[in-house]
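Step one of this worksheet: look at the structure below.
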Amino acid sequence: MAGKPRGGAVRKVKKGSVGKGSGGQGRQALEGKGPTPKAEDREYHPAYRKKMLAERAASKRKPVQNPRSNTGGGSVRRAKGDDSELVTGRNSVVEALRAKIPASTLYLAARTEMDDRVKEALSAATHRGIPVLEVMRPELDRMAGRDAVHQGIALKVPPYEYAHPVELLDEVLRKGQTPLFVALDGVTDPRNLGAIIRSTAAFGGQGVIVPQRRSAGVNSAAWKTSAGAAARTPVAMAPNLTQTLKEFKKQGVFVIGLDGGGDTELYDLELADRPIVVVVGSEGKGLSRIVTETCDAIVSIPIESIESLNASVAASVALYEVSKLRSQAARG
């Protein structure tokens, strides 16, 4: 009936009592929750995860140009508050100074034993005009990090500088050398990377190539395992490993993939004396399908009693065999 309130639409309040309010809930509902956050700021949105992955990747690597400006051989830790890193350990610091790495400060813990390595480091730093700061050992412990063995000495250096793979190849060809590179496909353990850098240097290789994604980078573990070789053997970063391998092939470099199921045994490899890049896959999955399709040959290493070799061990065996076959070919 017109003019009669709808049942339930009016709340009756007893005479003399105060009605219970909503506590502002109605007003808050009308005000709303504010503007909708961007997709990349919403934790449940795929764009947020993509942004986080991109920021994480950017924080781990800094691709730069000069392959010669590398520290080497020991523990390296990024100093807090800036982009520099600390090379720690007596052998590591001496190796970095010998390689004339651009360094800004040499730290020496108070009452450190002055052996020949420390004396050489101090002499080199003084000769190059690098400031030497004496700090208390607890302070150097804090700077180096809990897991680092600094032995009372550390060197502050710029971040690791990656080479460009094609530019590195061009440099080798200009020198008239026969290219020998190692490329990593899905190798995520930095200790394997460090060991491969060391083997590459030992057997005459000119560099190591790592992809920009899903790969170990040159961090403290890689530096330490390389035992100084990272100061002499450049590591190049490929934005796309498959495209880089194809570019190498255009310049006459053969791509050799290591795989337990390869149809050619390493000892029968006829391409050893040619320009080659040896591709090492991850220990779990091996070579990826697209990289396998790019290879000119898939080579296996004959082994007994075990199913597979560690990635760095496989690379070392392959590099040794290539070096031996090249020496035999050179002798005629």
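Amide H contacts of GLU85: ALA79, VAL157, each under 5 Å away and 5 or more positions distant or on a separate chain (H built 1.01 Å from N in the peptide plane; Pro and chain starts excluded). For the listed peptides 109-122, 179-192, a ranking on the average number of other beta carbons within 10 Å per residue, highest first, reads 179-192, 109-122.
Taking other C-beta atoms within 10 angstrom as a stand-in for reagent exposure, SER226, SER282 fall in the order SER282, SER226, fewest first. Evaluating 6.51 cos²θ - 1.76 cosθ + 1.60 at θ = phi - 60° for every residue in segment 180-195, the Karplus couplings come out as 9, 10, 10, 10, 10, 10, x, 7, 10, 8, x, 5, 5, 4, x, 5 Hz, glycine and proline recorded as x.
Restriction of the GluC sites (Glu not before Pro) in segment 226-270 to DSSP coil positions whose beta-carbon has at most 11 other beta-carbons within 10 angstrom yields GLU270.
None of the figures in this text is laboratory data; all of them are computed from the coordinates on show. Just so you know, these numbers come straight off a predicted model, no measurement behind them. Please note: Cβ atoms are built from the backbone with ideal geometry, for glycine as well, and neighbour counts cover all protein chains shown.
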